[in-house]
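Presented below is the structure to which this report refers.
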2 protein chains.
Amino acid sequence: MADDMPKQDLSSEGIAAALRGRILSGGYGLGQRLIEMDLAEEFGVGRGRVREAFRMLTGEGYLEFVANRGVLVRRYSRVELIEMGRVREVLEGLAARLAAERTLTDVQRQELEAAQARMDAAEVAGDLDAFGMENRAYHRLIEELSGNVHASEFITRVRIPLIRVQMPWEEVAESVGRSNRGHRVITAAILAGAPEAAEVAMRTHVRDGNAHVARLPDEVFEAR
Amino acid sequence: MADDMPKQDLSSEGIAAALRGRILSGGYGLGQRLIEMDLAEEFGVGRGRVREAFRMLTGEGYLEFVANRGVLVRRYSRVELIEMGRVREVLEGLAARLAAERTLTDVQRQELEAAQARMDAAEVAGDLDAFGMENRAYHRLIEELSGNVHASEFITRVRIPLIRVQMPWEEVAESVGRSNRGHRVITAAILAGAPEAAEVAMRTHVRDGNAHVARLPDEVFEAR
DNA sequence: CTGCCTCTCATTGTCAACAATCTTGCGCTG
DNA sequence: CAGCGCAAGATTGTTGACAATGAGAGGCAG
């Protein structure tokens, strides 16, 4: 039953939010075509509302409009992925800087330490899945601690091409140590209130990650 | 007559582009409400298409949707303007860095020098309007020289709140010298192929501008 | 005169029907 | 058997009509 769901918002915005969530969570694959009629039926609304949701998401950069073909989840070429990687580098660097500039509450400091501890635990345990999950949570937390919702929004957008991009297993295993060493530097800099150091460390860290992404095989980018 | 116009594109995208142009050029004021029916009539299309154009522009950050009230040209609060200013700082810094990293063609180098020369001329002539215009052209040129269309796109968005923000006259007059001194440092760094210097100089330059913006009187933000 | 209530109208929200377009599968021809 | 149309089906593009909402005008009571 779908009754225990919090009674979904069926306005165009609500539908846009639902679709955005599906894209971000990987429910829809890159390049996947979305059919107006199917979604209209699924949500129990007219096609017009779905179309308006599509248009919003197109404006936000999540979807790609093709005349007379409708929309598909926006794909990114290798070049685009690299270009956006550089943008991500400075934006995440900014978030780290801002987090270090602010006077964090005790609760926030504890959250940051806890997030770091969970990554450390996953690293020690050699649990790559857990590490990946905690890694994402850590980056999101820093965005939040930056206190700049606009920076956050742009970072979310610039991260879209990375959804569903799966690194080769051995490469991940090999990079965990280096990656988490970066995290520890960032965490320390933020807790110490050292904006410059936090930004530099985060930029280096993100750049490292991007270098791995740039080496991905071609197949990743043509994913239907 | 409107016959010599290039036969306007009346798709939702075309209408969105037309409206975007009006907002950017100041044809519509901040907070101004746009009426679906009026625009539908003006363009000679159904309301649906205008609505879809509205939705796209909402996603892009140009318009603001209010349930059952329609759309208005989006206003940004002082806090938002400051937050986006910091994002702009790092993004424009990135563009300058990328421009310096690339090997520019002779034509590109000449364009950059010419843009700098035009600003210098406007500064010497004390023509504030010309300086403002050339200043915008200069920043756009650097985005272009960065060769990163995504960085460009984000910069465009993050600049939206600055549309129509008019600085007090004397303050502009007073800051032209300092501003253009910044430009010269940036120009030199890019031509010299010094990414680090170019980025630092651009960030400082943008931050200076933001400081002025932050001091704007309250009226600017409630302006409808 | 002031404040509140109601009614009216302008405007947005929604849909279902119809038109235009693209894809695809089939059959014909060379 | 390959290639070329052609027709049928699926999907998007567009509109006009009707419902729902909210703002403002006007009147009535205190």
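The values are calculated or read from the model by the stated rules, or taken from the named source; none is laboratory data. Bear in mind that the values here come from a model prediction, so they are computed numbers and not experimental data. With ideal geometry, Cβ positions are generated from the backbone for all residues, glycine too; neighbour counts draw on all protein chains shown. For accessibility, only protein heavy atoms count, side chains too; no ligands or nucleic acids. Shrake-Rupley method; radii C 1.70, N 1.55, O 1.52, S 1.80 Å.
For region A:23-52, a residue qualifies if it is more than 18 Å from A:Asp9 (Cα to Cα), more than 11 Å from DNA strand D (Cβ to nearest atom) and in a loop (DSSP other than H, G, I, E, B), and the qualifying residues are A:Ser25, A:Gly26, A:Gly27, A:Tyr28, A:Gly29, A:Leu30, A:Gly31, A:Gln32.
Would you check if A:Ala130 is aliphatic (A, V, I, L, M) and without any contact (Cβ under 8 Å) to a residue 60 or more places away in the chain? Here the answer is yes, as A:Ala130 does meet what is asked. For region B:88-125, how many residues meet the condition of being loosely packed, with under 15 Cβ neighbours inside 10 Å, small (Gly, Ala, Ser) and under 20 Å from B:Gly177 (Cβ atoms)? So the answer is 3.
Taking A:Leu94, is it assigned to a helix (DSSP H, G or I), away from DNA strand D (no atom under 16 Å from the Cβ) and of a type outside the set (Phe, Trp, Tyr)? Against the criterion (assigned to a helix (DSSP H, G or I), away from DNA strand D (no atom under 16 Å from the Cβ) and of a type outside the set (Phe, Trp, Tyr)), A:Leu94 qualifies. Residues in region A:49-66 that are open to solvent by less than 40 Å² (accessible area, probe 1.4 Å) and more than 7 Å from chain B (Cβ to nearest Cβ): A:Val50, A:Ala53, A:Phe54, A:Gly61, A:Tyr62, A:Leu63. A:Asn68 falls short on exactly one of the conditions (1) within 16 Å of DNA strand C (Cβ to nearest atom); (2) among the polar types (S, T, N, Q); (3) under 21 Å from B:Leu145 (Cα atoms), and that condition is (3).
Going by the conditions given, is B:Gly132 under 19 Å from B:Leu24 (Cα atoms), open to solvent by less than 50 Å² (accessible area, probe 1.4 Å) and among the small types (Gly, Ala, Ser)? Before you say what the answer is, go through the steps one by one.
Details: under 19 Å from B:Leu24 (Cα atoms): yes; open to solvent by less than 50 Å² (accessible area, probe 1.4 Å): yes; among the small types (Gly, Ala, Ser): yes.
It is true that B:Gly132 is under 19 Å from B:Leu24 (Cα atoms), open to solvent by less than 50 Å² (accessible area, probe 1.4 Å) and among the small types (Gly, Ala, Ser).
The single condition among (1) within 12 Å of another protein chain (Cβ to nearest Cβ); (2) within 13 Å of DNA strand C (Cβ to nearest atom); (3) not charged (D, E, K, R) that B:Leu98 does not satisfy is (2). Each residue in region B:133-161 was checked for being without any contact (Cβ under 8 Å) to a residue 60 or more places away in the chain and of a type outside the set (Gly, Ala, Ser), and 16 of them qualify. The residues listed here are B:Arg69, B:Arg118; of these, the one that is within 16 Å of DNA strand D (Cβ to nearest atom) and of a type in the set (Lys, Arg) is B:Arg69. Checked across region A:174-193, the condition of being within 14 Å of chain B (Cβ to nearest Cβ), surrounded by 15 or more Cβ atoms within 10 Å (Cβ to Cβ) and either in contact with a strand residue (DSSP E or B) (Cβ under 9 Å, 6 or more places away or on another chain) or touching a residue at least 60 places away in the same chain (Cβ under 8 Å) (or both) holds for no residue. Scanning region B:101-122 for residues that are in a helix (DSSP H, G or I), more than 14 Å from B:Arg140 (Cβ to Cβ) and either among the hydroxyl-bearing types (Ser, Thr, Tyr) or out of contact with any Leu (no Cβ under 7 Å at 6 or more places or on another chain) (or both) yields a count of 9. Looking only at residues of region A:67-87 that are in a loop (DSSP other than H, G, I, E, B) and in contact (Cβ under 8 Å) with a residue 12 or more places away in the chain, we find that the one that is surrounded by the fewest Cβ atoms within 10 Å (Cβ to Cβ) is A:Arg69. Name the residues in region A:159-177 that are hydrophobic (A, V, I, L, M, F, W, C) and modelled with pLDDT of 95 or more, would you? Of everything in region A:159-177, just one residue is hydrophobic (A, V, I, L, M, F, W, C) and modelled with pLDDT of 95 or more, namely A:Val176.
For the residues A:Glu199, A:Glu171, A:Glu219, the requirement of being out of contact with any Asp or Glu (no Cβ under 8 Å at 6 or more places or on another chain), among the acidic types (Asp, Glu) and surrounded by 15 or more Cβ atoms within 10 Å (Cβ to Cβ) singles out A:Glu199. Taking the stated definitions as given, is B:Leu57 within 16 Å of DNA strand C (Cβ to nearest atom) and in contact with a Gly (Cβ under 6 Å, 6 or more places away or on another chain)? For B:Leu57, the condition - within 16 Å of DNA strand C (Cβ to nearest atom) and in contact with a Gly (Cβ under 6 Å, 6 or more places away or on another chain) - is not met.
Could you run through region B:19-38 and say how many residues are more than 14 Å from chain A (Cβ to nearest Cβ), surrounded by 17 or more Cβ atoms within 10 Å (Cβ to Cβ) and closer than 17 Å to B:Gly59 by Cβ? The qualifying residues number 1.
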